[in-house]
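Let me begin by presenting the structure, written as structure tokens, before commenting on it.
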Amino acid sequence: MKPMLELVDVYRTYQIGESTVQALRGVSVTIERGEFVAIMGASGSGKSSLLQILGLLDNPDKGDSLIFGKNVNTLSEDDQAGVRNNVAGFVFQQFHLLKRMSILENVRLPHIYSGLKGDFHQEAIERLRQVGLEERVDHTPNQLSGGEQQRVAIARALIRDPLIIFADEPTGNLDSKNSAEIMKIFKALHEQGKTVIMVTHENDIAAYAGRVITMKDGLIISDERKAGFKPSEASSGEAGFELHDSKVSLWQDGRFSGFMAQAFQSILANKMRSFLSVLGILVGVASVIAMMALGEGAKAAMQEQLKSMGSNMLSIRGGSAKIRGAAQGAGAVARFTAVDVTDISSLHTLVKNAAGVVNGSARIVYGNKNWSSTLTGVGFDYGTMRAAIPVLGRWFTPEEMQKREKSAIIGVTVVKELFGNSNPLGKTIKINRINFKVIGIAPPKGFSGPQDEDDVVIIPVTTAMYRVLGKDYFSGIFVEVASPTLIEQAKTAVSQQIRKRHRLKADDDSFNIRDMTEIQKMLTSTTQTMSLLLGSIAAISLLVGGIGIMNIMLVSVTERTREIGLRKAIGARKKDIMMQFLVESVGLTISGGFIGVLAGVGISLLLSLFAGWAVKTSLISVLLATTFSAVIGMFFGLWPARKAAELKPLEALRYE
Ligand code: ADP
Ligand code: MG
């Protein structure tokens, strides 16, 4: 059978600046299963270097390192991590426990990188019982004595049931009583079948071992087996030695949820710092949402206003659209009647409503007061189309329209001039010497240019045509298009309809159709520019926030270098470390984003409540901001995460 561990003529040289240190200068050694080996020698003689190469924490510059005859030097860094996780348990002089975690979680840690499913809670408790600490599972390392911490580290080394335990001066930081306790545990482990390889410079510690290898200046100067010391019975063959499949996806085993849990643990461990570092993201997201809400609100308000002006309204009038067009003769002005309105209304998909209007002037008399105003005769649908339905009083009924009833709705200017402060509803006024009953007051509209939109009298179109103005045709037709996007289509269709009905040639412009799209286009582009401007300000603050995150993650990587070293020693691969830090930075930005969303929505609400600004929070902006903050976490977390992943386990462990 092949020896378990074998080094063949191994060299290891360290380079520090100009000088080189030859830590190992041609070491060959084999170690069999069940041995208990102590490596001794003076400080600097190369003991740790030898142990690290045996434990696959380090690779020789020259020479081979074999496990069961298989050369492990040539394995990739990640595969070596896999072997360490499966075969080796490490115990260090400095314990290297992770301070933020309970000792139970510390013991469980190697399992995160094992690729096995399960929480291994029971196993961890079992290992802690083995070292006599089952009562302390919830404690953190800081609450334990040095001896107890080292026992936790041994429990951690045992969790993956390794073939070999590597211990580098495990009692170096302990008093003699604790040292004895620790050595009793190692002795028991050896008796249970574990191979133990231990570095020490104390004779009474080495006395526990069955074989003592002594080193001097990078060479083995003696290798003695104790007479009568029995190697423990190793259970079976090479069972423990297999590479774990590095192709197993992160999601299949429990690793990812482990990273999530750890990320949140670490975020929560530094609450204030985490909060301050996400402040940039928070402000960025909040402003994106608030600004987009403002932009959208302004847009909606403008559209509302446009709508009351009639944004999807077409106005059809007889006569040329050309101001300087030559006179076309008497027949050139199209005269519209109820038939045209019916025609246009029948364009169902494009037209929602159509109503004929006539305009004229009115001389209104009430009591001893009189007033001149514009007279508008309107069809039934005009009320809803032009938002002219009275709040005080009522709109005309269809019967009134049909029977050419003498009812009138007057604007507020007319009310003020004729009635002062008294109630005009139900009163009789004279319009062009005809008695009309006032049935409503038109909703106030203010001025449009120099025109007072409230200085109006509205009466049924039929009454206006046949009783007041003596006309048998409309002055124009108002058309409400089904949706603002259909305006152009509706214009063409209506125009074709009219040409057909009046038998006009295609180039005959004896009528014209106007719409509001020009104004609308202008307003839309204004609001778009505004949104873009607000958006880019918010984007800049998100970017600055991202840089803040990168900064804090770099600090975090430096701060946790030893943690990274430990994780790598117990089997973390590059992408495990990378993922851990990425999850953490994305976790940070997403939580920042989440608070930012709340803040943004809150600010929008406050603006609308107290400043009376029109705001409209959109789901899109919320989604956009959250996605963006996650992407920022990913992007700005990448470099620190890579930096962490590229660390060499040994160098990281030695970092002060
Ligand atoms: P021991 O464990 O016997 O005290 P080491 O194996 O740690 O000895 O070190 C052997 C020699 O190599 C020492 O001179 C030490 O200073 C040097 N050495 C060990 N590790 C490093 C390193 N990472 N960088 C530079 N020199 C090192
Ligand atoms: Mg050492």
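Treat each spin label as a single point 7 Å out from the Cα along the C-beta direction, and report the Gln122 to Arg503 distance in nm.
9.9 nm
Please report the antiparallel percentage of the DSSP beta bridges confined to the chain, to the nearest 5.
So the antiparallel bridges in the chain amount to around 70 percent.
Residues with amide H under 5 Å of Gly41's amide H, sequence separation 5 or more or different chain, H placed in the peptide plane at 1.01 Å from N; which?
Residues meeting the criterion, in which the H sits 1.01 Å from N, are Met215.
Calculate the dipole size of the chain relative to its Cα centre from +1 charges on Lys and Arg beta carbons and -1 charges on Asp and Glu beta carbons; express the result in debye to the nearest 20.
Using Cβ point charges on Lys, Arg, Asp and Glu, the chain gives about 3420 debye.
Order the peptides 293-303, 163-173 from the highest to the lowest mean number of other Cβ atoms within 10 Å of their residues.
Working: 293-303: 19.5, 163-173: 22.7.
Averaged packing, sorted descending, gives the order 163-173, 293-303.
Determine, for each peptide in 278-286, 126-134, 615-623, the mean count of other beta carbons within 10 angstrom over its residues, then list the peptides with the highest first.
278-286, 126-134, 615-623
Which whole-number percent of Cα pairs in the chain have a distance greater than 32 Å? Mind showing how you got there, number by number?
Details: 142065 of 214840 pairs.
Distances greater than 32 Å cover 66 percent of the Cα pairs.
Past 32 Å, Cα to Cα: identify those pairs from Lys352/Lys430; Lys194/Lys271; Lys437/Lys491; Lys187/Lys568, in the order given.
Lys352/Lys430; Lys194/Lys271; Lys437/Lys491
To one decimal place, what Kirkwood hydrodynamic radius in Å is obtained for segment 30-69 from all pairs of distinct Cα atoms?
It works out to 11.5 Å.
Please report the equivalent ellipsoid semi-axes of segment 47-106, computed as sqrt(5 x eigenvalue) of the Cα gyration tensor, largest first, in whole Å.
26, 14, 9
Per residue of segment 221-232, in order, report the coupling 6.51 cos²θ - 1.76 cosθ + 1.60 (Karplus, θ = phi - 60°) as ³J(HN,Hα) in whole Hz, putting x for Gly and Pro.
Along segment 221-232, the couplings run 9, 8, 8, 10, 9, 6, 5, x, 7, 8, x, 6 Hz.
Quick check on the chain: helices-only [θ] at 222 nm, where DSSP H runs of length 4 and up contribute -39,500 (n - 2.57) each and the sum goes over total residues. Nearest 500, please.
-14000 deg cm²/dmol
What relative contact order, as a whole-number percentage, does the chain give when Cα pairs under 8 Å and 6 or more residues apart are counted?
Numbers: 1252 pairs, mean separation 113.4, N = 656.
Value for the chain: 17 percent.
Testing the spin-label approximation: label points 7 Å from Cα along Cα→Cβ at Leu638 and Glu134. State their distance in nm.
5.0 nm
Which FRET efficiency, nearest 0.05, do Ala539 and Glu191 yield, Cβ-Cβ r, R0 51 Å?
0.20
Of the listed pairs Lys177/Lys648; Lys99/Lys575; Lys416/Lys471; Lys62/Lys216; Lys500/Lys521; Lys99/Lys643, which have alpha-carbon separations greater than 26 Å here?
Working: Lys177/Lys648 35 Å; Lys99/Lys575 23 Å; Lys416/Lys471 30 Å; Lys62/Lys216 19 Å; Lys500/Lys521 31 Å; Lys99/Lys643 22 Å.
Pairs exceeding the cut-off: Lys177/Lys648; Lys416/Lys471; Lys500/Lys521.
Given contacts defined as C-alpha pairs under 8 Å and at least six residues apart, what's the relative contact order of segment 532-656, whole-number percent?
Once divided by the residue count of segment 532-656, the mean separation gives 50 percent.
Any idea which of Val378, Ser556, Ala269 is furthest toward the positive side of the dipole for the chain, if Lys and Arg beta-carbons carry +1 and Asp and Glu beta-carbons -1?
Positive-end residue among those listed: Val378.
So if we plug the beta-carbon distance of Val339 and Leu486 into 1/(1 + (r/R0)^6) with R0 = 35 Å, what FRET efficiency do we get, rounded to 0.05?
0.90
At a 1.4 Å probe radius, carbon and sulfur cover how many percent of the accessible area of the chain?
Values: 17850 of 31480 Å².
That fraction is 57 percent.
Per residue, how many Å² of accessible area does the chain show with a 1.4 Å probe?
48 Å²
Find how many whole Å separate the alpha carbon centroid of segment 50-65 from the alpha carbon centroid of segment 422-478.
The distance from the Cα centre of segment 422-478 to that of segment 50-65 comes to 102 Å.
Go through 605-611, 390-396 and give me the packing order, highest mean Cβ count within 10 Å leading.
390-396, 605-611
If you average the C-alpha positions of segment 497-572 and of segment 361-421 separately, how far apart do those two centres end up, in angstrom?
After rounding, the separation between the Cα centres reads 47 Å.
The values are calculated or read from the model by the stated rules, or taken from the named source; none is laboratory data. Since the model is a prediction, treat every value here as computed from it, not as a measurement. Virtual Cβ from ideal backbone geometry, glycine too; neighbours counted across all protein chains shown. SASA here: full protein model, heavy atoms, side chains in, ligands and nucleic acids out. Shrake-Rupley method; radii C 1.70, N 1.55, O 1.52, S 1.80 Å.
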